[in-house]
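Each remark here refers to the structure printed beneath this line.
FYI, it's all coordinate maths here, none of it is from the lab. Just so you know, these numbers come straight off a predicted model, no measurement behind them. Cβ: placed from backbone, ideal geometry, glycine included. Neighbour counts: every protein chain shown.
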Amino acid sequence: MDRPKIPVDLIVKHLAEEAEQAQERAQKASDILLGSLETEIATTPYDVVYEEDRVKLKHYHTPDTVNSEIKTPLLVVYALINRETMLDLQPERSVVKNFLENGINLYMVDWGYPTSKDRFLTIDDHVNGYMDNMVDFIRKREGVDKINLMGICMGGTFSVIYSALHPQKVKNLITTVSPTNFDTTQGLLHIWMKWMNVDKTIETFGNMPGDLMNFGFLLLNPARLMIDKYIGFLENMDNKPFVENFIRMEKWIFDSPDVPGETFRQFIKDCYQDNLLIQSKLMVGGKRVDLKKVTMPLLNIYAQYDHLVPPGAAEKLTSVVGSTDTENVCLETGHIGIYVSSKTQKEFAPKIVQWLKDHEGRFEPEHQISPNRKKSARARAGSAVKKKPLSIKRIEEMSHAGERKLFLDNLQGEQGIRDNP
Amino acid sequence: MDSKEHMSTDPQVMLTEWLRAANKFWAAPEPEKERQPGESDRKKEAPRSVHETAASAMKTLTTLFTAMNDPLLIDATFRGTAILPEIMESFMRSGTKAYLSFQRQLSEKVGKMGSAPPDNLDALQAWTTFYEEEIQRYFHIPQLGLNRFYQERFNKAIDKYNIFVASLTDFLQVLQVPFDRTTQDMQEKIEELKESGKLPDDAREYYQMWVKTLEGHFMTLFKSPEYIEALGNAMGALEDYLGARNSIIQDLLQSFPIPTNKEMNDLYKEVYLLKKKVRELEKAGGKE
C-alpha cells in the first residue's frame, strides 16, 4: 500500500510525544522558576570614583595577581541608549572580566537615568562636559597625560567627536559598532530615521522615552523578537542556565533610560539626517569636529550582521580620520553578539587587549609611520576582516536561512537579532 | 365693580381689575409700630429703616402698576395678544424648518457613513475621510466666552485622539499584512510539499517554516514606503494627541497649588543655563 501524501499518523504521533515532553518540561520548569535563580547582572566589583549630576564614573578592581603590560588606563564610554551593564552581563561572558584578567586598568561611564531636568543637555554637554571632566579626572588620578578611549555604539560616536576635539588627551582610540557614516540604507534604523520629525517628538516627550525606543527596536524584527524568542524560552525553560541567562538579558534589554531630548534631537538631525560627522562638518560646542584631527591610533570594530549599525555605517571612519595607524575589524556576529555571544568572547576582548599591548608605550611621530601601514591594517586583522560587507539582502537571506543553532546561541547571548546600541 | 364686570371673562377687563386691586393692596401704608420702652437707639432705627425700604419699594410698584393701568398700554398689550397666534406660527415655522434642515443634514451624513466606500478606499480610510469631512469640523467651531480657550483645547484633544486611533488602527493593519501573506504562503508551500510527498511529520518544522516566512515578509514590509508612511502617521498622530492632552492637563494643574510641566521646563532651562555658565567660569578661573 502507498504511503499517504500527508503523514497524519506520524504528525499525530509526534504531537503526542511532544505533549508528553512538554508536560515533563513544564514540571521541571516550575521547579526552576519557583526555585532560586542567579540572574544578577554587572556583578564585577567596582568603585564609583567620580560623580557629576546623574553621571558616574566606575573604576573596576583589577585582580592583584595580574601583572599588566598595559599601563595606560582605559575609559569605556557606553551609549546613552540602554545600559553599560551589557559589558558585564554574566560571569562567563563578561567583557569587563576579560579586560581585568588581562590587566587593563578599566574605567567605565555610567550615564545614569536622565530625568526631565536633563532634557536640555546637548552632545556638547556630554562630550565637552561630562566626558572631558572624567578624562581629566582619570589623567590626574593616574598621573598620565593621555588615556585609552573605547566607545560603544553611540558612545563610540561620542568618543570620535571627543578625540577630534581633544586629541592631546587620547592615546589610542577604539570604536566598537559605532555609527559614523549615516548615509547608508543597509539598516532599517537608517531608513526610518530619515523621515522622523524629531522636533515634534522632543516637543511632545521632552526626553526621548526609553520604552518608545525599545518598542521601535522590537519592531525591527517582530517575528524573532516578539514571537520566536519566547517560543525559544518555552522550549528551554527546563534548562536552568538558559533561563538564568535569558532573564539576565531581559533585564538588560528592558532597562532603557530615556535619552536627553536635545542630545537626541542633535544626534538624529545632524548625524542620521544630515550625516555631518563623516564629512567633518558637525559642530559641537561651537567648534567644528574635524576628523583629520583624530591622529591617534584607531581600532574600529564592527559586526557583519549588525542591522542597527551595519558595516556601511561603521567602516568608513578609518578612511577619513587623520590617523595613519588605523585598523578595521569585522566580526561575524550582531550588534550585541559582539560583546556577549560565546563565540566572540574569544575574539573581541582578546583582539582589543592585544592591540592595546601593541600600542602601549609606542610613540611614533606621524611622519615616521610607513605609508603602507594604513593599507595593510585590514590584512593584519586576518580572516576576521571582510573587505566587502554583506548586503542587507544577503544578511536577510542568511537570517531567513534559519540557522537555528546560531539563533539559539544568540538567544542565550543576545536574544536574537534584537541589537540595541 | 358691578357683577357683570366681575363675571366678565374678557381678558382685558380681568387684567384691569387685577391691576387695580394690586395697586390698592400695595399702596396701603403699613401701620407704624409703637416703640417699646427700653429699646436701644440702634434697635429703634432698624425697623424704621426696613419700613422706609418697603414703603419705597411699594411706591415704585404703585407707579409701575399705575402706568400699566393706563388704558392705552393695556390696549397695546392686548393688540399684541391678538397677534400671538401669528407670532407662534412664525416661531413654529422657523423652528420646524431648522429641525428639518438638521434632520436632512444628519440623514445625509449617516447616509454617507453607510454608503460603500470607493473602490480604492478600505473601510478604515472611508471612516477617516468621513470623519475629516463631516465630524472633525464640529470640533473646530470657534468657542465663545470666558472658557473659550479651555473648551477649544478640550475639543482639540478629542479631535486629536480620534485621529490617533484611526492612524494607530491603520498602522496595526499594515503590521497585519505579513501575517496574512505568511498564511497564504504556508498554504501554497504545504500544498507543494504534499504534492512532492515531502511533508514534514514534525510540527516544529512547520513552525520554523512559518516564522522564517513571516520574518521575510516583515523585512520586505519595513522597507516599503507604505510602512514608513503608516509609522510616520501613527507617530505624528500620537504626538499630536499627547500634546493636546498635555494642554488640558496643564489647564487642570493650574487650579492646583503644584507647578505645571511648562513652569518646570522653564525652571530646568534656567538651572541648566546657570550651571553651564558656572562651569565655564570655573574652568576659566582654573586656567587663570
### Query
Residues with amide H under 5 Å of A:Val259's amide H, sequence separation 5 or more or different chain, H placed in the peptide plane at 1.01 Å from N; which?
A:Met208, A:Gly210
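Of the GluC sites (Glu not before Pro) in region A:17-63, which ones lie in a loop per DSSP and count no more than 14 other C-beta atoms within 10 Å?
Numbers: sites: A:Glu17, A:Glu18, A:Glu20, A:Glu24, A:Glu38, A:Glu40, A:Glu51, A:Glu52; in loops: A:Glu38, A:Glu40.
Listed in order of number, the matching sites are A:Glu38, A:Glu40.
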### Task
Using the Karplus curve 6.51 cos²θ - 1.76 cosθ + 1.60 with θ = phi - 60°, work out ³J(HN,Hα) for each residue of region A:305-320 in order, rounded to whole Hz, and write x for Gly and Pro.
9, 7, 9, 9, 10, x, x, x, 8, 10, 6, 6, 3, 4, 8, 10
### Message
Once you keep just the Cα pairs under 8 angstrom separated by 6 or more residues, what percentage relative contact order results for region A:193-267?
### Response
56 percent
### Task
Provide the gained length on full extension for the span B:Tyr150 to B:Gln173, in nm with one decimal, where the gain is 0.36 nm per separating residue minus the Cα-Cα distance.
4.8 nm
### Query
Residues with amide H under 5 Å of A:Lys171's amide H, sequence separation 5 or more or different chain, H placed in the peptide plane at 1.01 Å from N; which?
A:Ile147, A:Asn148, A:Leu149
### Summary
Along region B:197-204, Karplus-curve 3J(HN,Hα) (6.51, -1.76, 1.60; θ = phi - 60°) to the nearest Hz, with x for Gly and Pro, reads x, 10, 5, x, 9, 9, 4, 5
### Message
Please rank A:Glu327, A:Glu235, fewest neighbouring Cβ atoms within 10 Å first, as an exposure proxy.
### Response
A:Glu235, A:Glu327
### Summary
Once normalised by the length of region B:163-251, the mean sequence separation of its alpha carbon contacts under 8 Å that are 6 or more apart gives a contact order in percent of 52 percent
### Task
Give a residue-ordered list of calculated ³J(HN,Hα) values for region A:192-206 (Karplus: 6.51 cos²θ - 1.76 cosθ + 1.60, θ = phi - 60°; whole Hz; x for Gly, Pro).
5, 5, 5, 8, 4, 8, 5, 4, 5, 4, 6, 4, 7, 9, x
### Query
Where the eigenvalues come from the Cα gyration tensor of region B:157-245, what are the semi-axes √(5λ) of the equivalent ellipsoid, largest first, in whole Å?
39, 11, 9
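Which of A:Lys269/B:Lys156; A:Lys97/A:Lys316; A:Lys28/A:Lys343; A:Lys229/A:Lys251; A:Lys169/B:Lys283 have a Cα-Cα distance over 22 Å? Intermediate results must be reported in sequence, preceding the final value.
Values: A:Lys269/B:Lys156 29 Å; A:Lys97/A:Lys316 30 Å; A:Lys28/A:Lys343 29 Å; A:Lys229/A:Lys251 15 Å; A:Lys169/B:Lys283 17 Å.
From the list (A:Lys269/B:Lys156; A:Lys97/A:Lys316; A:Lys28/A:Lys343; A:Lys229/A:Lys251; A:Lys169/B:Lys283), the Cα-Cα distance tops 22 Å for A:Lys269/B:Lys156; A:Lys97/A:Lys316; A:Lys28/A:Lys343.
Region B:221-288: which trypsin sites (Lys or Arg not before Pro) are DSSP loop and have at most 15 other beta-carbon atoms within 10 angstrom?
Values: sites: B:Lys223, B:Arg245, B:Lys262, B:Lys269, B:Lys275, B:Lys276, B:Lys277, B:Arg279, B:Lys283, B:Lys287; in loops: B:Lys223.
Hits after loop and neighbour filter: B:Lys223.
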